[in-house]
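Any read-out appearing in this document is the output of simple, stated calculations on the displayed coordinates, not a laboratory observation. These numbers come from a predicted model, not from an experiment. So basically every Cβ, Gly included, is an ideal-geometry build from the backbone, and we count neighbours across all protein chains shown.
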Amino acid sequence: MTQSSKIKQLLLIGAILIFTITTPGLAETGKAPDPEAVERGLTLFESNCQQCHQAEGVGENVPPGIRRPGFVPAMPLNENSHAWHHGDEQLVQIIRRGNKRMPPFDKALSDPQLRDVVAYMKSLWSPRILACQGPKHMSCM
């Protein structure tokens, strides 16, 4: 490996470390989110998510007569559904890319803003649910 390659490799590792340390709002999966990130996330949630997921992330209640085959209601983001089964980064990716019905937010929200929305979602979960978040949810409950 040349001296130039080693320097480039060290610079890349340093940049990754700095990004990881300084990325605001993203708590570790299963850990309580930063209160400031929750506050920012609430504002973003209200303007981008609440119209479908409802206040406090309770999800969309669609009367049976209105549902069409294949219709997917906006899921609850509180602990009444499975959002907490996903890790923080997976939740960020779902919001960024969208899914069956939800549009992608990759153009509307920056990565720090996506993480703030996840912080707000996590604020809706009880300590017990938060402790079981992510891959350990199957063995935790």
Sparse-neighbourhood loop sites, chymotrypsin sites (Phe, Trp or Tyr not before Pro) in the range 56-113 - DSSP loop, at most 11 other Cβ within 10 angstrom
Phe71
Inter-site label distance for Asn61 and Thr43 at 7 Å from Cα along Cβ, in nm
3.1
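Between Phe71 and Ala32, what FRET efficiency comes out of the Förster formula 1/(1 + (r/R0)^6) with R0 = 35 Å and r the beta carbon distance, rounded to 0.05? Mind dumping the intermediate values first?
Values: r = 35 Å, r/R0 = 0.99.
Working from the Cβ atoms, E equals 0.50.
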